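Take a look at the structure below.
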Amino acid sequence: VRVGQHSPRDRSSGLGRRARFKAAVQVDQSAGVGRNPVDAQTPDRPRAMRHASERRNAQDADRTSEPALAAGRVRRGSRVQAGLRMESAADLDDPDVRDNLEVVVENRRFTIAIDGPAAAGKSTVGELVARHFDAVYFDTGILYRALTLVALRHGIALDDAAALATCARTLDIRLAQPSVADGRQADILLDEEDVTSLLRTPEVDRAVSEVSAHREVRAALLDLQRAIGRCGRVVMVGRDIGTIVLPDAELKVYLDASPEERARRRCEQLALAQKPVPYGDVLEDMYHRDRIDSLRDVAPLRPAADALVIDSDRLAVSEVVERIVAAAESRLAALPAP
Ligand code: DC
């Protein structure tokens, strides 16, 4: 499955000029599913380009071994490249860029939205579901976390919505193959610095809900998320994916679990990453974030009216995945043929 490819010529040459201009969002479904939601290649980066065409050749030889890779880069002046580096969400406001958005899907396209509170298991489950469907996996939480990290580093007040939104519009985030085996799903590069392990610190955990509660911040990140959602087969996780970002998703799931169970799971994750935090602190933090995420005025955390609600407290990961896959398959079967 290729998205964002326009002609056999484009395909054989790896990345034709036309494809570079036309494909705003490319999903390379055979190049690293779930593990690599996003990767970047740009014409001004020959090394990355070489990497892209080599990868494509390898994919042709073996289309089964690697999971999917979502990508897309949008640039002012409608210079749009394959690979997924969203340079600036603001670029999507540019009519030139919009006119050039073109996504060619050679397979049935569908989206699965998975929402739910912190540490409900969305990312573990989402990645496995994406793998099952050979789909792109994208965790929208990293956008809010990266923005929070930038704010903390630059001393931007957490209540300065305008400054935060400006920052959100110029975020330079790239996701790449995981380079460290610490349980991460991808390397998250912020201005090319690997910040993966800095996005889940207690400091970011404490501040991210406040940052993400601002209307201006959410607006600044909305089009970017929607563009990714249009990639083809996409599993997107977050808080408002089924309600706001992708309200037309073929399947909406709301994955829930009690605060106690979620705190237990988050403690396990932190211990695994060699950053243990006492259970009581994690639980308190969980209540704090739940309160802000659910009570905020803009896009509060809640299930979409037509969401499949799953309480994962007493379910194994595999059981949750099976339920979602079964629901998605029955929705897909009901869709008209592509
Ligand atoms: O899923 P997570 O814990 O990584 O998300 C971090 C924060 O980002 C969470 O507290 C709320 C916010 N968030 C959001 O408001 N909307 C999303 N779609 C994803 C995350």
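Laboratory data are not the source of any read-out in this text; all were calculated from the coordinates shown. Source: prediction; values computed, not measured. FYI the Cβ positions are ideal-geometry reconstructions off the backbone, even for glycines, and counts take in every protein chain you see.
Observations on the structure shown:
- Farthest toward the positive end of the dipole of segment 147-233, out of Thr170, Ala213, Cys231, is the Cα of Cys231, where the dipole comes from beta carbon charges about the Cα centre.
- 5 angstrom amide H check on Asp187, placed H, neighbours 5+ away: Ala176, Gln177, Ser179
- In this structure, the amide hydrogen of Arg233, modeled 1.01 Å from its nitrogen in the peptide plane, lies closer than 5 angstrom to those of Phe110, Val136, counting only residues at least 5 positions away or on a different chain.
- Likely footprinting exposure, Tyr137, Tyr279, Tyr144, fewest C-beta neighbours within 10 Å first: Tyr279, Tyr144, Tyr137
- Phi angles across segment 192-209 convert, under the Karplus curve 6.51 cos²θ - 1.76 cosθ + 1.60 with θ = phi - 60°, into 3J(HN,Hα) values of 6, 8, 6, 10, 3, 6, 8, 7, 10, 7, x, 5, 5, 3, 5, 8, 5, 5 Hz, Gly and Pro given as x.
- Cβ-based exposure ranking for Glu261, Glu284, in which fewest neighbours within 10 Å come first: Glu284, Glu261
- Extension gain, Arg331-Glu319: 0.36 nm per intervening residue step, less the Cα-Cα distance, totals 2.5 nm.
- The H on the amide N of Arg296, modeled in the peptide plane, is under 5 Å from the matching H of Leu301, each at least 5 residues off or on a different chain.
- Neighbour-limited loop hits for trypsin sites (Lys or Arg not before Pro), segment 229-338 (at most 11 other Cβ within 10 Å; DSSP other than H, G, I, E, B): Arg314
- Annotation: extensible slack from Asp281 through Glu193 equals 28.8 nm (criterion: 0.36 nm per residue apart, minus Cα-Cα distance).
- When both segment 154-220 and segment 224-299 are represented by their alpha-carbon centers, they are found 15 Å apart.
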